[in-house]
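All remarks here apply to the structure that follows.
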Ligand code: UD1
């Protein structure tokens, strides 16, 4: 088993290039299933979730060719419309193939993704939206079986859902008429998906707003290239790395407009930033203030940055309150942070984070973002920490160890077998 060894209290310096957004690449890869031809995606991140989605598309018959940070997908000859449990169970976002497969082939079967570390995460809203478009849906033997020729409809989400909005957009592409999606999620990754579909010839009104109008088509264009946006969560994580070590670092290949809520909270904590068009630098501070955080849908503070800010708040000069509003079980990192000396008390969806002297420990990653909080805490802690189960990190952070090493962090990737 691989683990990360990190010796803390090192000042970082230099710059690091942010990769393409995992959460934009996943729905766009699923969207490639709609297209009877080749398309190329550039700036894709080389992380395991992306390989899982490519494995899923290949299993359905798509030809996928990765060349460095680009991938060419040819979905001309799809041979199966069944997304198997063996692949879907590796990654919940596999559910995003439901909309495109149903829209193009009028039938499909996708394994139910099941629970995950950060909560129950149901897909009822995805299914309700597809049913609105005329799909007949059955749940049988662990699979969602969907069928029917889809027709445009008015969909109003009861609750804002990123994946649900993406599945509804994708399903609406071949549905005859204009589908209206109200209370849609407005994340930059959804805008990237809409831009991809526009390149394929779909007319979409209201891009980036709560109300989307998708004009159904009979055919889509192929042979175009779409660039993936920078990963705002990876970017935010490196900003926290600069902040927690009180260092001056620069992150490049970013879109600061996607990071406004994160930048605001860093400023509130007293971390000043130099924000340019596509790069951001952290500056040194005298002391960290405190701040309160409530996670919410975009453009609010992202739940995917909650764990990293919790690590940072441990270094603040007074108590911080973190209110997790999106996922009921997203405090798995707390127990591990406590092993490093963190003084955090939990009360349902509230975490009260008290100033703490962090010290190195052996800890275990529990989910993707929880793992990055442990890395951040280890960068600030006195001594050498060991973080195991790092496959969680590899799902979403490209070359995390190399990138942090390039900033001067004392971090190395080790194998337990070599220690014996
Ligand atoms: C996406 C992101 C994830 C991020 C989350 C919230 C991807 C691949 N993942 O996940 O990193 O943390 O957005 O920003 O883009 N819900 C239901 N029923 C549904 C669907 C969702 O009740 O059918 C609930 C969820 O349990 C959660 C909330 O709605 O409480 C938001 O979830 P959602 O926006 O759907 O998250 P994901 O798309 O799964």
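The values are calculated or read from the model by the stated rules, or taken from the named source; none is laboratory data. Remember, predicted model here, so these are calculated numbers, not experimental data. Methodologically, a virtual Cβ is constructed for each residue, glycine included, from the backbone with ideal geometry; neighbour enumeration extends over all protein chains shown.
Please find, among 312, 326, the residue that is part of a loop (DSSP other than H, G, I, E, B) and within 19 Å of residue 367 (Cβ to Cβ). Before you say what the answer is, go through the steps one by one.
Values: 312 fails: part of a loop (DSSP other than H, G, I, E, B).
Of the residues listed, the single one that is part of a loop (DSSP other than H, G, I, E, B) and within 19 Å of residue 367 (Cβ to Cβ) is 326.
The set of residues from region 292-309 being in a loop (DSSP other than H, G, I, E, B) and buried (at least 20 other Cβ atoms within 10 Å of the Cβ) comprises 298, 302. The listed residues are 262, 254, and the only one of them that is assigned to a loop (DSSP other than H, G, I, E, B), surrounded by 19 or more Cβ atoms within 10 Å (Cβ to Cβ) and touching a strand residue (DSSP E or B) at 6+ places or on another chain (Cβ under 8 Å) turns out to be 254. With the requirement that a residue be crowded, with 17+ Cβ neighbours inside 10 Å and out of contact with any helix residue (DSSP H, G or I) (no Cβ under 7 Å at 6 or more places or on another chain), what does region 43-53 give you? Selection gives 43 alone.
Out of curiosity, is residue 224 within 16 Å of residue 31 (Cα to Cα), at pLDDT 95 or above and either more than 11 Å from the ligand (Cβ to nearest atom) or surrounded by fewer than 23 Cβ atoms within 10 Å (Cβ to Cβ) (or both)? Talk me through it step by step, then tell me what you get.
Numbers: within 16 Å of residue 31 (Cα to Cα): yes; at pLDDT 95 or above: yes; either more than 11 Å from the ligand (Cβ to nearest atom) or surrounded by fewer than 23 Cβ atoms within 10 Å (Cβ to Cβ) (or both): yes.
The answer is yes for residue 224.
Identification of strands (runs of 3 or more DSSP E) wholly contained in region 336-420 with 2 or more residues that are without any contact (Cβ under 8 Å) to a residue 24 or more places away in the chain yields 343-347.
A single entry from 365, 377, 381, 370 fulfils the requirement of being more than 14 Å from the ligand (Cβ to nearest atom), modelled with pLDDT under 95 and assigned by TED's automatic domain parsing to the domain that holds residue 310: 365. Of all the listed residues (139, 170), the sole one being surrounded by 15 or more Cβ atoms within 10 Å (Cβ to Cβ) and either free of Cβ contacts under 8 Å to residues at least 60 places away in the same chain or in contact with a helix residue (DSSP H, G or I) (Cβ under 8 Å, 6 or more places away or on another chain) (or both) is 170. The set of residues in region 131-143 that are modelled with pLDDT of 95 or more and within 14 Å of the ligand (Cβ to nearest atom) comprises 131, 132, 137. With respect to (1) on the phi > 0 side of the Ramachandran plot; (2) at pLDDT below 95, the lone exception for residue 208 is condition (2).
With respect to the stated conditions, residue 80 is more than 30 Å from residue 19 (Cβ to Cβ), assigned by TED's automatic domain parsing to the domain that holds residue 220 and away from the ligand (no atom under 13 Å from the Cβ). Do you know which of the residues in region 323-340 that are buried (at least 23 other Cβ atoms within 10 Å of the Cβ) and more than 20 Å from the chain's Cα centre (by Cα) is nearest to residue 393 (Cα to Cα)? Only one residue tops the list, namely 337.
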